[in-house]
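Data first, discussion second: the structure below is written as structure tokens.
The values are calculated or read from the model by the stated rules, or taken from the named source; none is laboratory data. Only a predicted model underlies this, so the values are computations on that prediction, with no experimental measurement involved. Counting neighbours? That spans all protein chains shown, and the Cβs are built from the backbone with ideal geometry, glycine included.
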Amino acid sequence: MSKKFPDVNININNIHEIHNNILSDYVKKLALKYLEVEEGRVLAKLENLKEYRFLTGAISGQVLMSAIDTVMSMAMSTSSKSQRGTLSQNNNFIKPGFSDYFLIESKVQRFGKSIAIGETKVFSEDTKELICHATSTYPLK
């Protein structure tokens with residue numbers, strides 16, 4: 001039997017449970033900490049673990065892309081217009097991320113009739129510098 005997103009809107013009280021019960025083991029290993037959840041918006045924290053880093057110490061773009069997709073998927077699921085998976089994700093890496101922690105803020109810009117559009121910004125927690133900007137589209141149920 002395959003797992004599927006529950007028919008409830010994600011909120012601060014159920015986001016960790018849904019994350020742990022629905023998402024892949026790979027995504028669970030990111031150990032995202034959800035800090036704020038409201039309709040159309042999720043703020044999460046990601047630690048720059050040793051296994052996420054290049055030789056330079058900067059976080060890998062592949063890790064960031066996974067985290068961005070995960071946080072935006074959660075933001076898309078905060079509404080009754082629940083999403084059905086990622087259609088596209090466009091990432092712009094502004095500068096290398098050398099912080100120990102990153103803040104990932106995903107906001108749904110528009111819930112349409114058939115698609116939703118979102119924007120995610122990733123900031124270094126210590127310097128508050130923008131290191132990545134992403135846009136995403138999702139089909140709606």
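Could you tell me which of the residues T78, T56, T86 is of a type in the set (V, I, T), farther than 17 Å from K141 by Cβ, part of a loop (DSSP other than H, G, I, E, B) and at pLDDT below 95?
After ruling out the rest, the residue left standing is T56.
Can you find even one residue in region 4-24 that is out of contact with any Lys or Arg (no Cβ under 8 Å at 6 or more places or on another chain), assigned to a strand (DSSP E or B), without any contact (Cβ under 8 Å) to a residue 40 or more places away in the chain and of a type outside the set (G, A, S)?
no
Got a sec? Which of A75, A31, A116 is exposed (fewer than 13 other Cβ atoms within 10 Å of the Cβ) and under 20 Å from I15 (Cβ atoms)? I'd like the intermediate steps shown before the answer.
Values: A75 fails: exposed (fewer than 13 other Cβ atoms within 10 Å of the Cβ); A116 fails: exposed (fewer than 13 other Cβ atoms within 10 Å of the Cβ).
That would be A31, the only listed residue that is exposed (fewer than 13 other Cβ atoms within 10 Å of the Cβ) and under 20 Å from I15 (Cβ atoms).
Is it the case, given these coordinates, that T137 is on the phi < 0 side of the Ramachandran plot, in contact (Cβ under 8 Å) with a residue 12 or more places away in the chain and out of contact with any strand residue (DSSP E or B) (no Cβ under 9 Å at 6 or more places or on another chain)? Talk me through it step by step, then tell me what you get.
Numbers: on the phi < 0 side of the Ramachandran plot: yes; in contact (Cβ under 8 Å) with a residue 12 or more places away in the chain: yes; out of contact with any strand residue (DSSP E or B) (no Cβ under 9 Å at 6 or more places or on another chain): no.
Taking the combined requirement at face value, the residue does not satisfy it.
Can you pull out every residue in region 119-140 that is in a strand (DSSP E or B) and either exposed (fewer than 15 other Cβ atoms within 10 Å of the Cβ) or in contact with a helix residue (DSSP H, G or I) (Cβ under 7 Å, 6 or more places away or on another chain) (or both)?
T120, V122, L130, C132, A134, S136, Y138, P139 - these are the residues of region 119-140 that are in a strand (DSSP E or B) and either exposed (fewer than 15 other Cβ atoms within 10 Å of the Cβ) or in contact with a helix residue (DSSP H, G or I) (Cβ under 7 Å, 6 or more places away or on another chain) (or both).
Go through V42, V37 for me and flag whichever is β-branched (V, I, T), touching a helix residue (DSSP H, G or I) at 6+ places or on another chain (Cβ under 9 Å) and either part of a loop (DSSP other than H, G, I, E, B) or in contact (Cβ under 8 Å) with a residue 60 or more places away in the chain (or both).
Numbers: V37 fails: either part of a loop (DSSP other than H, G, I, E, B) or in contact (Cβ under 8 Å) with a residue 60 or more places away in the chain (or both).
Unique residue meeting the criteria: V42.
Looking at V8, V37, which one is more than 22 Å from E129 (Cβ to Cβ), loosely packed, with under 12 Cβ neighbours inside 10 Å, aliphatic (A, V, I, L, M) and over 11 Å from the mean Cα position of the chain (by Cα)?
V8
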